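First comes the structure, then the notes that go with it.
Derivation of every value follows stated rules applied to the coordinates shown; laboratory data play no part. Because the structure is a prediction, the values reported are computed rather than measured. Positions of Cβ are backbone-derived with ideal geometry, glycine not excepted, and every protein chain shown enters the neighbour counts.
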Amino acid sequence: QVKEHIEDDWTLSVRPTMIQEGFTPPLIFQRAAYNIMSHHNPGGYPQKKRTTWVTRDLKFSETGEVGYWVGCASSFSYKIRNIPINAMRILNKGGIEPVYLGPDEWCCGGSMFALGCIDEVMEKARHNINELNQMPFTLLTDCKGISFIEHTLAVTEGALQLASRPLRLLLLLC
């Protein structure tokens, strides 16, 4: 038995090397990766359907101090659409009408990143970082991937760092 500390994220540092060495992820992940690269979401849905979760009573703003990043699962899955709907209703009840990107919100590529497909995620990351640079100071999200990706890529690649203003990212645990 080895009594050596192993970093929690050691698999993330090994996986890119495995991909470069010819490791092929399972087929289900390959399909999701293809959809993320081609359609900007793991399900391969048209981006214009990203807003189908929005109900008529929800209010958004084009500018403001708070933004809302919905994420793929909440945007496209009927089973959990209540998460962004109820989060928005709470915000609206509190007088907050957040900025929402709608179809300009692309998949963060969190699942691809976790597989080690770093190079493939960079295009998505650059797009999302550019969109985040246009967002308000505080960004609310229920997407676990965007918080992970934003932090990791901003730290690991200087070109992806957010603009000079800080971005406060708050993960909603609904």
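Packing-based ranking of 25-36, 124-135, 107-118 yields 107-118, 124-135, 25-36, ordered from highest to lowest mean Cβ neighbour count within 10 Å. Estimated from the Cβ-Cβ distance and a Förster radius of 22 angstrom, the FRET efficiency linking E131 and Y78 is about 0.30. The stretch between K48 and T17 holds 7.6 nm of extra length on full extension. This uses 0.36 nm per residue minus the Cα-Cα distance. Count Lys and Arg as plus one, Asp and Glu as minus one, and take only other residues whose Cβ is under 13 Å from that of A73; the net charge is then +2.
The label point for R89 and the one for K59, both projected 7 Å from the Cα toward the Cβ, are 1.6 nm apart. Full extension of the chain between Q30 and T138 gives 35.5 nm of extra length, using 0.36 nm per residue less the Cα-Cα distance.
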